[in-house]
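The values are calculated or read from the model by the stated rules, or taken from the named source; none is laboratory data. Given the structure is predicted, the values throughout are model-derived calculations rather than measurements. Every residue, glycine as well, gets a Cβ built from its backbone with ideal geometry; the counts of neighbours run over all protein chains shown. Surface accessibility is based on the protein's heavy atoms, side chains included, excluding ligands, DNA and RNA. Shrake-Rupley method; radii C 1.70, N 1.55, O 1.52, S 1.80 Å.
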Amino acid sequence: QVQLMESGGGLVQPGGSLSLSCAASGSIFSFNAMGWYRQAPGPQRELVALITSGGITNYADSVKGRFTISRDNAKNTVDLQMNGLKPEDTAVYYCGGHRLFAISWGQGTQVTVSS
């Protein structure tokens with residue numbers, strides 16, 4: 001089973017930037033698509049950005065124009081570049097590998113946007 005591990009979270013001031021990376025222990029082509037999700041305190045996990053195996057991307061309206069998802073098939077990584085960060089972007093960010101009926105999750109990385 002391919003394992004996912006996120007890195008790159010931290011504390012940043014409003015307006016700042018962070019880059020998150022998701023490293024897979026095997027080929028990311030074992031997934032139909034890769035997504036970045038976030039979960040603020042509470043039960044709901046929100047899809048932030050998605051990239052298919054063919055490179056098609058999709059973003060939540062709240063992050064369009066600020067966040068960019070990309071994948072490196074040779075390195076088996078999926079990155080999320082976050083610019084213009086706002087306090088409401090504060091959350092635990094998770095990498096998700098999509099298969100037909102299930103999503104495989106990483107352990108998450110905390111992003112805090114605060115002055």
Within region 2-41, count every residue that is open to solvent by less than 40 Å² (accessible area, probe 1.4 Å), modelled with pLDDT of 95 or more, out of contact with any Leu (no Cβ under 9 Å at 6 or more places or on another chain) and hydrophobic (A, V, I, L, M, F, W, C). 1
Would region 61-69 turn up any residue that is over 16 Å from residue 6 (Cα atoms) and touching a Phe, Trp or Tyr at 6+ places or on another chain (Cβ under 8 Å)? yes
Is one or more of the residues making up region 47-65 under 19 Å from residue 9 (Cβ atoms) and open to solvent by 60 Å² or more (accessible area, probe 1.4 Å)? yes
Inspect region 100-107 for any residue being within 13 Å of the chain's Cα centre (by Cα) and not in a strand (DSSP E or B) and give the result as yes or no. yes
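Could you tell me which of the residues 56, 103 is out of contact with any Ser or Thr (no Cβ under 9 Å at 6 or more places or on another chain), β-branched (Val, Ile, Thr) and without any contact (Cβ under 8 Å) to a residue 24 or more places away in the chain? Show your work before the answer.
On the way: 103 fails: without any contact (Cβ under 8 Å) to a residue 24 or more places away in the chain.
Among 56, 103, only 56 is out of contact with any Ser or Thr (no Cβ under 9 Å at 6 or more places or on another chain), β-branched (Val, Ile, Thr) and without any contact (Cβ under 8 Å) to a residue 24 or more places away in the chain.
Yes/no per residue for (1) of a type in the set (Phe, Trp, Tyr); (2) part of a loop (DSSP other than H, G, I, E, B); (3) touching a His at 6+ places or on another chain (Cβ under 6 Å); (4) within 16 Å of residue 4 (Cβ to Cβ):
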{"site": "34", "(1), (2), (3), (4)": "no, no, no, yes"}
{"site": "37", "(1), (2), (3), (4)": "yes, no, no, yes"}
{"site": "44", "(1), (2), (3), (4)": "no, yes, no, no"}
{"site": "80", "(1), (2), (3), (4)": "no, no, no, yes"}
{"site": "112", "(1), (2), (3), (4)": "no, no, no, no"}
Taking region 46-71 and keeping residues over 13 Å from residue 89 (Cα atoms), of a type outside the set (A, V, I, L, M, F, W, C) and in a strand (DSSP E or B) leaves 52, 57, 58, 59, 68, 70, 71
